[in-house]
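Reading through the structure tokens given below for one structure.
Each reported figure results from applying straightforward, stated rules to the coordinates on display, with no laboratory input. As the structure is a computational prediction, the values presented were derived from the model and not from experiment. So basically every Cβ, Gly included, is an ideal-geometry build from the backbone, and we count neighbours across all protein chains shown.
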Amino acid sequence: MRVLVCGGAGFIGSHACVALIAQGHEVVIYDNLSHGTTSAVDHISQLSGVDVRFVQGDIRDRTALEAVLSMGFDAVIHFAALKIMSESCRFPLLYFDNNVAGTIALLQAMQATGVQRLVFSSSAAVYGDPDAVPIKEDAPLRACNPYSHSKLVMERLIEEVCEARPSFSAAILRYFNPAGAHPSGLMGEDPCGVPTNLMPYVSQVAAGLQDRLHVFGDDYPTRDGTGVRDYIHVMDLADAHTKALELLRQGGCHVLNLGTGRGYSVLEVVSAFEQVSGCRIPFEIVERRPGDVAEVWADPSRAEQTLGWHAQYDLVRMCADAWRWQSMHPNGYQSAQVIELRPAAPSGGLH
Ligand code: NAD
Ligand code: WQD
């Protein structure tokens, strides 16, 4: 298929592009570079052996999107969103504008150009504080902050379009806690500053960029008192996107959890990271982080049945790949000296 990957210059999108190209799909990346980087696009090209085309543009710019989509696409994968919960509480309008208004413009542009298939990045954040784990897709949806609320509204918009237009099909993929990096060490998560998520923070402590990890609470009702999450390797997520595209050949609107079905505590992540890196991770127990919950992990059985997909990689492999990326790129893509980088394309142009 010919696939427009919105947000393809970011963490998960860049890994998905490599998987898509490996499966024989043609990708064009559309990204406003608010968080992504053209270095990621260059690394996708290097890893794939294909000169990946990139358009710098914003998904809220419907005219620009229509111009690109009218070149003929079979599907869109929509990664383009702002994703930091704490930031969303400070800037709710920014989050609703970028995420929700952006999704409306994208759906309108797809309708205007006759593109009928959409794979959408949703989040386990839509479950809020779950009543029970593992979480199934039909569990109650509880948005607890503007970010997760924006994801819920985006999901609903997509479902409404599917209902109104039977020829339109969508896969709404609820990721649990993405982690790890490409096994080459050429691509990974670039938090652009101090990370808010656990795995990149632990990586930076191991690399000496942060002096210690702050563990947010050790009094949760979990096996060691720290929060438990379902970490999922980004390459497993990438693989699920290629399978979701195939599923959409059959039509329909599918909501699927993408997780491993297994939870690890903060201290278990620290221990696994120490094991693979050989570095000590100093940590300090501090207050709970507002909005955090005790335990979140997926029931991924629907994805197994519908996509024939399940996660291949375990926590040790996630830590090993994250550490390779961190070691090769101590300051993210800024410090990428491993390949020759191309200059960014002019706004709106293909290269
Ligand atoms: P990321 O920030 O690395 O990538 C998002 C990309 O989208 C960036 O390259 C950014 O420049 C681009 N973008 C943002 N707004 C845009 C806009 N208006 N127009 C064009 N491009 C825009 O984030 P990621 O971790 O790769 O996340 C990808 C998707 O997965 C997001 O939708 C996020 O909400 C979702 N998600 C992420 C996680 C996670 O922990 N990483 C978990 C669950 C869901
Ligand atoms: C994991 C655990 C923290 C940092 C969020 C969203 C989720 C998805 C991923 C977007 C928790 C603890 C963390 C630190 C810590 N994003 N922690 N010290 O909060 O589970 O998930 O990001 O959709 O939807 O909800 O991920 O990596 O921030 O935290 O102790 O410096 O690590 O308390 O128990 P979270 P996280």
Q) GNM, the chain, Cα, under 10 Å: largest mean-square fluctuation among Arg165, Arg262, Arg142? A) Arg165
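Would you kindly give the portion of the calculated P(r) for the range 245-291 that falls above 14 Å, as a percent of all Cα pairs?
Value for the range 245-291 (Cα pairs over 14 Å): 72 percent.
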Q: Take the chain, drop everything but the C-alpha atoms, weight them equally and run the Debye formula without solvent; then report log10 I(q)/I(0) at 0.08, 0.12 Å⁻¹ to two decimals.
A: -0.36, -0.84
Q: Report the residue, chosen from Ala80, Ala143, Ala164, that carries the largest GNM mean-square fluctuation when the chain is represented by alpha-carbon nodes joined by springs under 10 Å.
A: Ala164
Q) How high is the relative contact order of the chain, given as a whole-number percent (alpha carbon pairs under 8 Å, six or more residues apart)? A) 21
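For the range 245-322, which GluC sites (Glu not before Pro) are in a loop by DSSP, counting at most 14 other Cβ atoms within 10 Å?
Working: sites: Glu246, Glu268, Glu274, Glu284, Glu287, Glu295, Glu304; in loops: Glu287.
Within the range 245-322, the qualifying GluC sites (Glu not before Pro) (loop, at most 14 other Cβ atoms within 10 Å) are Glu287.
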**Q.** Calculated SAXS-style log₁₀ I(q)/I(0) at q = 0.09, 0.14, 0.16, 0.17 Å⁻¹ - the range 50-209, Debye, Cα scatterers
**A.** -0.36, -0.86, -1.08, -1.18
**Q.** Under 18 Å from the Cα of Lys136 - lysines, other chains or at least 8 residues apart
**A.** Lys151
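Using just the helices of the chain, give the 222 nm mean residue ellipticity in deg cm²/dmol: DSSP H runs with n ≥ 4 each add -39,500 (n - 2.57), and the total is spread over all residues, rounded to 500.
Values: 12 runs with 128 residues, N = 351.
Taking each H run of at least 4 residues, the total per residue is -11000 deg cm²/dmol.
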Q. Between Tyr220, Tyr231, Tyr147, which gets the highest mean-square fluctuation from a Gaussian network model of the chain, Cα cutoff 10 Å?
A. Tyr220
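Determine, for Lys83, Lys136, the number of other Cβ atoms within 10 Å of each Cβ, and report the residues in order from fewest to most. Each step should come with its number before you reach the end.
On the way: Lys83 22, Lys136 15.
Ranking Lys83, Lys136 by Cβ neighbours within 10 Å, fewest first, gives Lys136, Lys83.
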(Q) For a bin width of 5 Å, list the pair-distance distribution of the range 167-237 built from all Cα-Cα distances, rounded to whole %. (A) 3, 13, 18, 20, 19, 13, 7, 4, 2, 1, 0
